[in-house]
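To start, the structure itself, in C-alpha cells.
The values are calculated or read from the model by the stated rules, or taken from the named source; none is laboratory data. This is a predicted model, so every value here is computed, not measured. Here the Cβ is made from the backbone with ideal geometry for all residues, glycine too, and neighbour counts use every protein chain on show. The accessibility values were calculated without ligands, DNA or RNA, using every heavy atom of the protein model including side chains. Shrake-Rupley method; radii C 1.70, N 1.55, O 1.52, S 1.80 Å.
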Amino acid sequence: MDNYRMHDSVMQQQASNGGVSSGLQQNGAKADSGGPHANGNLLPESDSDINGVNGDINQSLGPPKIMDKTNQDIVRLIGQHLKTVGLDRTADLLMQESGCRLDHPAAAKFRQHVMDGDWNKADHDLNELKSFLNSANQSLVEMKFLLLEQKYLEYLEEGMVFDALHVLRNELTPLGHNTGRVHQLSLFMMCSGRDELQTRAGWDGKGPASRAALMDRLQRFLPPSIMLPPRRLHSLLCQAVEMQSQLCTYHITHSQQTSLENVSLLVDHNCGKEQFPCHTIQVLNDHCDEVWYCKFSPDGLKLATGSKDMTVIIWDVDPETLKVTHRKTLEGHTYGVALIAWSPDSTHLIACGPEDCPELWLWSVDTPDCELRVKLTQNTDDSLTACAWHRDSNKFVAGGLRGQFYQCDMDGNVSDSWEGVRVKCLWCRNDGRTVLAADTHHRIRSYTFDDLGDATILQEDHPVMSFSVNKADRLALLNVANQGVHLWDLEDKCLVRRFQGVTQGHFTIHSCFGGVNQDFIASGSEDNKVYVWHIKRELPIATLTGHSRTVNCVSWNPVYHQMMASVSDDFTVRIWGPRSFSDGENDKTVSLETNSSNSSGWHEMVS
C-alpha cells in the first residue's frame with residue numbers, strides 16, 4: 001500500500017485493453033498508442049480521460065513507472081504543489097502516469113467533503129481515518145472539535161442561529177474538549193452581524209479560504225503517508241534557502257533576505273563581499289588621546305566614543321552615506337571614559353571611567369544640548385567602572401573591582417545593592433530581572449536583586465576582560481586575557497567556539513555581534529587590526545588594517561548592518577563600510593599610516 005501504487009490494477013486494465021506491451025519501459029519512454037501529442041508529451045483525448053487521483057489510468061500513458069520511495073515522495077510533493085497553484089489537470093495526469101496517489105482514498109474523500117462543507121459526511125470520514133491517527137481517541141476528538149467549530153461559525157454567519165445553537169449544545173459541548181474555547185464560541189451568538197463575527201472570531205468567513213485553513217489544521221493529525229502536510233514542497237524549499245543563507249559567508253543585511261519571493265531556486269544563494277563593511281570610509285581625528293570605547297545606539301542613528309582625553313563625543317549617523325557627523329562633545333570625565341552604555345530607548349547614556357574611577361555620568365542625549373542628568377558617586381573609595389541598562393530604560397546596574405554592585409534609578413538613587421561582588425563587566429538579561437557579572441575569579445555569574453539569588457553560569461581559566469550577549473539572550477561573547485575571543489552558550493553552559501587570529505594580552509578589548517541575524521563577530525586586537533569572523537567558523541573571514549596601535553573596541557551598527565566602527569590607541573575612530581561607500585582617500589591614508597601595500601584593508605582568511 002506504499003503511496004497507494006496502482007500497478008496491479010493498471011496492468012490488469014491494460015492487459016484487457018490490449019493497448020500496451022508487457023515489457024517495462026526504460027528512461028521514461030512511452031509506447032505509442034496513437035493518441036494526440038504536444039511537444040512530445042502524450043495528452044488525454046478529453047477531460048473525461050483525467051479521472052482525478054482516484055481515477056483510472058488512461059492506457060495512452062503506458063504502465064506506471066517503477067520508482068523507489070524517494071522518487072514516489074518527490075512525485076507526490078510536485079503533485080501537491082501543482083494543485084496548490086491551480087494546475088489540477090496537470091497534477092492528475094502526473095499521478096496517473098506515475099501510478100502514485102497524493103492521498104489515501106479515505107483522506108482524499110475527507111478533504112473533498114470538508115471543502116464542500118458537507119459536515120455530516122466529513123464526520124463519517126473521520127471514523128474511516130481513525131485507525132491511521134496517532135493517539136487515535138484524542139486526535140479524533142480534536143479533529144471533530146475543529147469540524148464542529150467551522151460548522152457552528154458558518155451557521156452563525158448565515159443567520160441560522162437555532163442550527164448554530166444546536167451544534168453548540170448537542171455536538172460541541174458533549175465532546176468535553178477545550179471548554180474555554182466553547183465558552184468563547186458561545187459569546188459569538190451576540191455578534192450583530194457578519195463583519196463583527198469575523199473580527200471577533202479571527203475567521204475568514206464561510207468559503208474556500210476558511211475551509212482550506214481548516215484543512216491545513218486537520219492535516220497535522222494525519223501521518224504524511226496518508227495525507228501530505230500543507231504546502232510541503234514550499235516548506236522544504238524555504239528551509240533549504242534559509243540554510244543556505246545561514247551558511248553564506250557574507251550574508252549581512254535585510255536587503256539580502258532570502259525568502260522564496262526574492263531568490264532564484266535555480267542557483268545556490270551566495271552573497272558577495274561588496275556589501276560587507278570591510279573598507280575604511282571615514283577616519284575621525286576629533287579625540288586628542290587614546291580612544292578606549294565606542295558604541296552605536298540601539299536605534300542605529302548615533303555613535304558614542306569615549307577617550308582618555310576625558311570626553312565622550314556623540315556622532316550622528318547618516319544612513320544614506322554610512323558616515324557620521326559631530327554632534328556634541330561631553331566633557332568633564334576626570335578619569336577618562338573607558339565604557340559607554342546606551343539606554344535601550346537610545347535617549348540616555350552612561351559613561352564610566354577606568355580602573356578605580358569612583359563616579360559615573362548619566363547623560364540625556366535626546367535633548368539639544370545633551371544635558372548631564374546625574375553624576376553618581378556613592379563614596380570616593382568606590383570603583384564604578386562597569387554598568388548596564390535594564391530593558392525598560394528606567395533603571396541600571398553599576399559596579400567595580402572594589403566590591404561595589406548597585407542597582408539604581410534614573411535619578412541615581414541606589415535601590416538595591418550586593419556586597420562583596422568584585423565586578424569587571426555587567427549585562428542585563430531580557431527577563432528584566434537577571435544581571436550577569438564577570439568577576440575576578442574568571443567567572444560569569446547571574447544575580448537577581450529582588451530575591452538575592454545568584455548562580456555561576458560559566459567558568460574560564462583566565463580573566464574575563466569583557467563580554468556581551470546577543471539579542472536572543474542565548475550566546476555570550478567573551479574577551480579572555482591571553483586567550484582571545486570565546487563564544488559560550490548561556491543555556492547549555494558550554495563553550496561553543498574559540499575564535500582564532502586575535503592578539504589579546506591583559507588589555508581590555510571589547511568585541512561585538514553583528515549582522516542582521518548577528519551571525520558575525522568582530523573584535524579589536526593588540527596587533528592593531530580588526531578581526532571579523534562568521535559565528536560558525538573559528539578562522540576570521542576578514543582582517544581589517546588601518547589603525548597603527550592597539551584596537552580597543554569594535555561596534556557594529558545594530559540597524560544599518562553595513563556599518564562598523566573601531567577605536568584605537570592611535571587617537572582615531574574608523575568607520576567601516578562597503579567598497580561602494582569609500583571615496584578612496586581613506587584607503588590611501590590607511591596605506592600611509594600602516595606602510596601596507598594592501599590599501600583596501602581586506603585580507604581573506606577563509607575562501
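Assorted remarks:
- Inter-residue pairs, beta-carbon under 6 Å, first under 22 Å from Gly207 (Cβ atoms) and in contact (Cβ under 8 Å) with a residue 40 or more places away in the chain and in the stretch 155-180, second assigned to a helix (DSSP H, G or I) and open to solvent by 50 Å² or more (accessible area, probe 1.4 Å), 6+ apart: Glu157/Arg194
- Members of the stretch 329-358 that are part of a strand (DSSP E or B) and touching a Pro at 6+ places or on another chain (Cβ under 9 Å): Leu339, Trp342
- Residues that are of a type in the set (Gly, Ala, Ser) and without any contact (Cβ under 8 Å) to a residue 60 or more places away in the chain were ranked within the stretch 331-358; the one that is most open to solvent (accessible area, probe 1.4 Å) is Gly332.
- Of the strands (runs of 3 or more DSSP E) lying entirely inside the stretch 459-545, those containing at least 3 residues that are touching an Asp or Glu at 6+ places or on another chain (Cβ under 8 Å) are 475-480, 494-499.
- Among the conditions (1) part of a loop (DSSP other than H, G, I, E, B); (2) open to solvent by less than 40 Å² (accessible area, probe 1.4 Å); (3) over 19 Å from Asp473 (Cβ atoms), Val554 misses just one, which is (1).
- Of all residues in the stretch 389-417, those being touching a Gly at 6+ places or on another chain (Cβ under 9 Å) and either on the phi > 0 side of the Ramachandran plot or crowded, with 22+ Cβ neighbours inside 10 Å (or both) number 3.
- Positions within the stretch 74-100 being open to solvent by 40 Å² or more (accessible area, probe 1.4 Å), touching a residue at least 40 places away in the same chain (Cβ under 8 Å) and not hydrophobic (A, V, I, L, M, F, W, C), in sequence order: His81, Thr84, Arg89, Glu97
- Of all residues in the stretch 269-309, those being open to solvent by 50 Å² or more (accessible area, probe 1.4 Å), under 25 Å from the mean Cα position of the chain (by Cα) and without any contact (Cβ under 8 Å) to a residue 60 or more places away in the chain number 1.
- Taken as a whole, the stretch 282-294 holds at least one residue that is at pLDDT 75 or above, in contact with a helix residue (DSSP H, G or I) (Cβ under 9 Å, 6 or more places away or on another chain) and either outside any loop (DSSP other than H, G, I, E, B) or more than 26 Å from Pro344 (Cβ to Cβ) (or both).
- Remark: pairs (first residue in the stretch 407-420, more than 10 Å from Val397 (Cα to Cα); second residue modelled with pLDDT under 90 and small (Gly, Ala, Ser); Cβ separation under 8 Å; 6+ apart in sequence or on different chains) = Glu419/Gly403; Gly420/Gly403.
- Counting the residues of the stretch 250-268 that are modelled with pLDDT of 75 or more and open to solvent by less than 50 Å² (accessible area, probe 1.4 Å) gives 1.
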